[in-house]
Every structure is written in structure tokens, then in C-alpha cells.
Amino acid sequence: MTDRVIYATIPGLDVRLLSSVTTDLVAEACARHRTTPAASAALGRTLTGTGLLAMTQKGHERTTVQFVCDGPIGGIVAVADARGDVRGYVRNPTADAEPVNGKLNVAGVVGGGTMHVGRELGADIGTNREPYNGIVEITSGEIGLDFAYYLTVSEQIPSGVSLGVFVHNATNRVLAAGGFIIQLMPGTSRDIEEDLTARVAAAPHATEMILQGASPLEMLQTALGNLDVEVLEERVLQFACNCSRERFLDKLAALPRADLEEMVADGTGELLTCHVCTASYTVTIEDLRALLPDERVH
Ligand code: ZN
């Protein structure tokens with residue numbers, strides 16, 4: 001099934017529902033970065049949560065989520081935009097921690113620190129709206145609860161968040177990933193809040209539903225019992241980086257002339273690797289020579 005995210009509501013209630021299946025994009029990110037199962041869970045949950053947050057954005061807007069943390073994973077970065085492109089990486093993909101009660105110890109690899117969320121506008125958009133930046137303490141390290149804490153405290157919308165990644169024991173392959181966010185907008189009554197909270201608490205885990213083939217809409221319908229869910233918007237999600245050979249050549253061109261001359265003198269060319277997606281680009285001596293500014297005397 002193609003990765004998708006939906007934005008939905010319940011007619012008559014002030015609730016915002018976001019739900020996604022991200023199995024393919026999380027599996028691709030984890031395969032590219034060769035993450036351990038615990039690091040896969042941490043990265044996959046962060047990619048999924050970021051993709052869900054970006055669903056409320058339009059046009060060239062972009063959401064960046066960063067965990068600046070002291071656990072062995074050393075840090076997590078995820079970026080998602082309104083086109084459905086999602087990418088990210090962890091500082092230490094080999095990070096691991098002893099499982100707890102047979103479950104991947106995500107909090108153990110993340111540790112403590114801060115969670116940063118940036119809601120930026122694309123550079124090519126002609127408005128002057130200020131980007132929104134929020135920082136909260138990492139209160140759980142399990143990622144889902146941290147997204148819930150961020151949304152409730154920083155964006156001031158009480159939110160329930162379920163994010164999951166299921167990793168196959170023997171192969172380390174990601175077999176299911178996804179999650180949902182249920183947000184109570186201002187004006188939601190205490191009764192409705194309690195009812196929705198109880199329904200979500202009783203719902204099966206997101207990855208359990210995804211393993212059984214549930215779509216983002218079916219996950220919400222299961223989580224919310226028999227309530228009527230109306231889909232307002234749907235997008236396809238994919239792992240996609242914005243790196244390119246041209247971008248790397250632009251970065252090289254900005255280096256001091258002496259550095260470029262040294263690379264040319266070195267005679268081997270360069271192999272440049274994107275740390276976000278692990279794509280590699282070969283830069284030949286001819287490419288490097290072409291970047292050297294002309295030094296003719298006028
Ligand atoms: Zn890249």
C-alpha cells in the first residue's frame with residue numbers, strides 16, 4: 001500500500017484528526033541509514049510524526065522536527081513538506097539499548113534533552129509570515145508522547161498521539177509504520193474530551209492495525225469506535241531528499257579558492273555523501289577545475 005496521510009474531522013465536533021501509514025518511507029529511511037531496530041523505531045516515529053504535522057501546512061511550507069538529545073542516538077532530524085516529501089536521519093544509526101519487557105527501548109536510545117519544531121515557509125513564497133519555532137523538554141523519549149506534549153504545551157492544542165514502528169526480529173526490516181494524532185480544538189467540551197480519550201486509550205496500537213492492512217481512515221475509524229469520520233484532504237507521502245549534484249557543486253563553489261586548488265592538486269576527485277539520505281555524488285577533477293574562478297589579469 002502506498003504511504004498516505006489524511007486530514008479529517010468528525011462532523012459537528014471541533015476535532016482535527018491526522019492519520020498516516022508510513023511503512024515504505026520509514027523502511028527506506030532505515031535501510032538507507034542501516035539503523036538498529038531501536039534507532040529504526042526512533043527515526044520512524046519521528047518521520048511519521050513530522051509527516052503528520054506537515055499535513056496542516058500548505059504550498060511551500062515545511063516542518064522540521066529535531067530531537068537534541070543525550071542518549072546514544074545523539075540526535076534525530078526529520079523534515080516534511082506540504083508536497084508529502086519526508087526525509088531524516090539520526091546522528092548514530094548503530095545506537096542500541098536493552099529492550100524493556102521485550103519491547104524496543106526507544107526512550108533508552110533517545111535519552112533526555114529538547115525537542116525543536118520549526119514551521120517554516122519555503123524560500124520561494126512571496127509572503128512575510130514569520131516562521132514558528134517551538135522548543136519543549138523531552139519528557140518521555142518515546143517520541144509519540146513527546147509530540148503530544150509539544151502540541152499541547154507549545155501549540156496549545158490538547159492532542160493525543162500514537163506513533164509506531166514494527167521491526168521484524170530476524171531481518172531488522174521495518175514491516176509497519178504509521179500513526180495518528182487527535183487534536184481537540186478550542187471549544188471542545190469536557191464530556192467529548194473524556195469520551196475521545198477513552199476510545200483512543202482502548203484502541204489497538206497503530207502498527208497492529210497497519211499490519212492487518214488498515215488504511216489511515218480505517219485506523220481512525222477503529223480508534224474512534226463508531227464515530228463518523230469525514231476526510232477533508234489526503235496526500236501521498238514518500239521518502240524524498242532535496243539533495244542533488246548541483247547543490248553539492250554549489251557548496252564546493254563557495255569554498256575558498258585555495259581549498260579547491262588543493263582538491264585539484266590531490267588528483268583523485270571527491271566522493272560526496274548526503275548525510276540526510278546517504279546518496280553519493282562523484283565530483284571529478286574536471287568538475288573541480290570548472291569551479292575555479294578565472295584568474296586572468298585585466
Ligand atoms: Zn540527500
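The values are calculated or read from the model by the stated rules, or taken from the named source; none is laboratory data. The model shown is predicted, which means the values in this text are computed figures rather than measured ones. Glycine gets a Cβ as well: all are built from the backbone with ideal geometry, and neighbour counts include every protein chain shown.
Data table
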| item | result |
| --- | --- |
| Selection from segment 239-292 of residues that are surrounded by 13 or more Cβ atoms within 10 Å (Cβ to Cβ) and in contact (Cβ under 8 Å) with a residue 40 or more places away in the chain | F239, A240, C241, N242, L249, V276, C277, T278, L291 |
| Count of segment 33-75 residues which are surrounded by fewer than 24 Cβ atoms within 10 Å (Cβ to Cβ), closer than 29 Å to E234 by Cα and either among the small types (G, A, S) or out of contact with any strand residue (DSSP E or B) (no Cβ under 8 Å at 6 or more places or on another chain) (or both) | 2 |
| Hits in segment 86-102 (condition: in contact with a helix residue (DSSP H, G or I) (Cβ under 6 Å, 6 or more places away or on another chain) and either more than 15 Å from the ligand (Cβ to nearest atom) or not in a strand (DSSP E or B) (or both)) | P93, A95, D96, A97 |
| Residue ID - farthest from the ligand (Cβ to nearest atom), chosen from residues in segment 218-268 that are part of a loop (DSSP other than H, G, I, E, B) and farther than 30 Å from G88 by Cβ | N226 |
| Unique match (being at pLDDT below 95 and within 18 Å of the chain's Cα centre (by Cα)) among G179, G160, G187, G141 | G160 |
| Conditions (1) in contact with a Gly (Cβ under 6 Å, 6 or more places away or on another chain); (2) within 19 Å of P131 (Cβ to Cβ); (3) of a type in the set (A, V, I, L, M); number of the one not met by M55 | (1) |
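Condition check ((1) without any contact (Cβ under 8 Å) to a residue 60 or more places away in the chain; (2) buried (at least 16 other Cβ atoms within 10 Å of the Cβ)) across all residues:
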| residue | (1), (2) |
| --- | --- |
| E194 | yes, no |
| A206 | yes, yes |
| Q212 | yes, no |
| S215 | no, yes |
| L220 | no, yes |
| A223 | no, yes |
| E230 | no, no |
